[in-house]
Amino acid sequence: MSVSPNSEVRLLGKSEIVRGILADIDCAARSGAKVLITGETGVGKEVVARLIHQRSARAAGKLVTVNCAGLPDSLLESELFGHVRGSFTGAYRDKPGLLEMAPNGTVFLDEVGEMSARMQVVLLRFLETGEIQRIGADRSHTRVNVRLITATNRDLPKEIAAGTFREDLFFRLNVIRMTIPPLRERIEDVPLLFEHYLAYYCEQHHVERPEITQAALDVLLGYRWPGNIRELRNVAERIALKSIGQVLRPADLPSELLRPAPQVAPGAAAAAALAHSAQVEEMTQRMLRHGESFWSAVYPVFMARDLTRADLRRIVEIGLESTNGNYRLLVALYNMPNEDYKRFLGFLRKHNCHLPFQRFRTIPLRAGSGTVHRAPVAAAG
Ligand SMILES: Nc1ncnc2c1ncn2[C@@H]1O[C@H](COP(=O)(O)OP(=O)(O)OP(=O)(O)O)[C@@H](O)[C@H]1O
Ligand SMILES: [Mg+2]
């Protein structure tokens, strides 16, 4: 939940699609109508909502963002509409809701598709009357002039068919509809976005900004980007953190970009994958940059089952990418004494995380016509 100052937001991209989105933003900004923004996770729905507000006649007013996911009904209702003193335990005084805090401004309801059936009714009532009724009050408290922008990565017509989203609410929200296409449908924007975020994170982390080789660019262009621009941004930061030197080659890229595209469903699965990659990233950074040992950074977390096998394999993979497949060097890289070599390998074998080293000895890539193939690798050893 946030009330934002009008900080600068940018929608980068030169593709026809981005030009179209920018034109639609201007069009939506000129009207005061409600906007429903849909699209996969990480495509820029919030960026679009902010730009609509900033370019609209309400720009001098506030933009209040409320994320409808993950909040219990009572809390969400109280955040939006406020409550009166004594309406529930802990309600010591009257409290205004966020809708009242943005007079002549914009309220951005993110993840509106996650609202419970009851909250959908409450929202619908507000949209029909414009009246705010605080929790615990017996009549409406005031009327507000706010513009509503909503966003979701759910397919609302499908939710309506399944009976989980109200059709009447959908028609209220869906006045101006903006659908933001996934990054893989505007792949020509990838170089610009990647350069932008790589430069940004290299500056942030005070590391040299590498030149991107054509082969690395081909990998970026051939990837499906299930997490869209958020994932691209995350990859750029991971590379900046690795401080790889003057040039960026395919082997410097995270291995998931090098594999043939898995069919990742948008939404929860992609978000979970990103959360995991952040945990892996954090652990490898602790070892690579802060000298922490594998035995303290990774081992206990894995044994407590807070790290999956796939994550452990990924950590091994990241190391082997740097050591060119050499396990002895990996032991040193992850800050273990040489004599731990056997113990380390035994541990990996026991948990089925000992990866064949051969595939890290070359750059088995052949890029072309938008897809990236990995050459056959030697059998496990
Ligand atoms: N065209 C763009 N140019 C630059 N940065 C962008 C662009 N689109 C998105 N981003 C960045 O990508 C990240 C994800 O964008 P945003 O939060 O708007 O996505 P979203 O569609 O709301 O995702 P979610 O559905 O997961 O909430 C943000 O860091 C945002 O700044
Ligand atoms: Mg969002």
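The values are calculated or read from the model by the stated rules, or taken from the named source; none is laboratory data. These numbers come from a predicted model, not from an experiment. As a convention, Cβ positions derive from the backbone with ideal geometry for all residues, glycine included, and neighbour counts pool all protein chains shown. Surface areas here come from the heavy atoms of the whole protein model, side chains and all, with no ligands, DNA or RNA. Shrake-Rupley method; radii C 1.70, N 1.55, O 1.52, S 1.80 Å.
Kindly provide the set of residues from segment 25-40 that are crowded, with 19+ Cβ neighbours inside 10 Å and of a type outside the set (Ser, Thr, Tyr), ordered by number. Give the derivation first.
Applying the first criterion (crowded, with 19+ Cβ neighbours inside 10 Å) to segment 25-40 yields 25, 28, 35-40.
Of everything in segment 25-40, those that are crowded, with 19+ Cβ neighbours inside 10 Å and of a type outside the set (Ser, Thr, Tyr) turn out to be ILE25, ALA28, VAL35, LEU36, ILE37, GLY39, GLU40.
Tell me which residues, restricted to segment 181-190, are more than 16 Å from ligand 2 (Cβ to nearest atom) and surrounded by 17 or more Cβ atoms within 10 Å (Cβ to Cβ).
Taking segment 181-190 as the starting set, the residues that turn out to be more than 16 Å from ligand 2 (Cβ to nearest atom) are 184-190.
Within segment 181-190, ARG184, ARG186, ILE187, ASP189, VAL190 meet the criteria.
Considering segment 86-113 alone, what residues qualify as being buried (at least 17 other Cβ atoms within 10 Å of the Cβ) and either within 16 Å of ligand 1 (Cβ to nearest atom) or among the aromatic types (Phe, Trp, Tyr) (or both)?
Within segment 86-113, THR106, VAL107, PHE108, LEU109, ASP110, GLU111, VAL112, GLY113 qualify.
So for segment 60-71 (the condition being away from ligand 2 (no atom under 16 Å from the Cβ) and open to solvent by 40 Å² or more (accessible area, probe 1.4 Å)), does at least one residue qualify?
Scanning segment 60-71, I find at least one residue that is away from ligand 2 (no atom under 16 Å from the Cβ) and open to solvent by 40 Å² or more (accessible area, probe 1.4 Å), so the answer is yes.
Quick one: would you say LEU193 is open to solvent by less than 20 Å² (accessible area, probe 1.4 Å), under 27 Å from VAL9 (Cβ atoms) and in a helix (DSSP H, G or I)?
Values: open to solvent by less than 20 Å² (accessible area, probe 1.4 Å): yes; under 27 Å from VAL9 (Cβ atoms): yes; in a helix (DSSP H, G or I): yes.
The answer is yes for LEU193.
Select from segment 55-74 the residues that are under 24 Å from the mean Cα position of the chain (by Cα) and free of Cβ contacts under 8 Å to residues at least 40 places away in the same chain and list them in ascending order.
Within segment 55-74, LEU71, PRO72 qualify.
Which of the residues spanning segment 218-250 are more than 16 Å from ligand 2 (Cβ to nearest atom), on the phi < 0 side of the Ramachandran plot and open to solvent by 40 Å² or more (accessible area, probe 1.4 Å)?
ASP218, LEU221, ARG224, GLU237, LYS242, ILE244, GLN246, VAL247, ARG249 - these are the residues of segment 218-250 that are more than 16 Å from ligand 2 (Cβ to nearest atom), on the phi < 0 side of the Ramachandran plot and open to solvent by 40 Å² or more (accessible area, probe 1.4 Å).
What helices (runs of 4 or more DSSP H) completely inside segment 282-330 contain at least 3 residues that are crowded, with 20+ Cβ neighbours inside 10 Å? Don't jump to the end; show me each part of the working.
Values: elements: 294-297, 299-303, 309-323.
It comes to 309-323.
State which residue is nearest to ligand 2 (Cβ to nearest atom) when the search covers only segment 83-141 and only residues that are among the β-branched types (Val, Ile, Thr) and more than 27 Å from ALA60 (Cα to Cα).
Applying the first criterion (among the β-branched types (Val, Ile, Thr)) to segment 83-141 yields 84, 89, 106-107, 112, 121-122, 129, 132, 135.
Still in the running and more than 27 Å from ALA60 (Cα to Cα): 84, 89, 121-122, 135.
On the way: VAL84: 31, THR89: 32, VAL121: 24, VAL122: 22, ILE135: 26 Å.
Ranking the candidates gives VAL122 first.
From the list VAL47, VAL43, which one is open to solvent by 30 Å² or more (accessible area, probe 1.4 Å), within 16 Å of ligand 2 (Cβ to nearest atom), in the same structural domain as GLY105 (by TED's automatic domain parsing) and not in a strand (DSSP E or B)?
Numbers: VAL43 fails: open to solvent by 30 Å² or more (accessible area, probe 1.4 Å).
Answer to the check: VAL47.
Have a look at GLU46, GLU79 and point out the one that is near ligand 1 (Cβ under 10 Å from one of its atoms), in contact (Cβ under 8 Å) with a residue 24 or more places away in the chain and either within 26 Å of ASN228 (Cα to Cα) or under 25 Å from the mean Cα position of the chain (by Cα) (or both).
Details: GLU79 fails: near ligand 1 (Cβ under 10 Å from one of its atoms).
Checking each option against the conditions leaves just GLU46.
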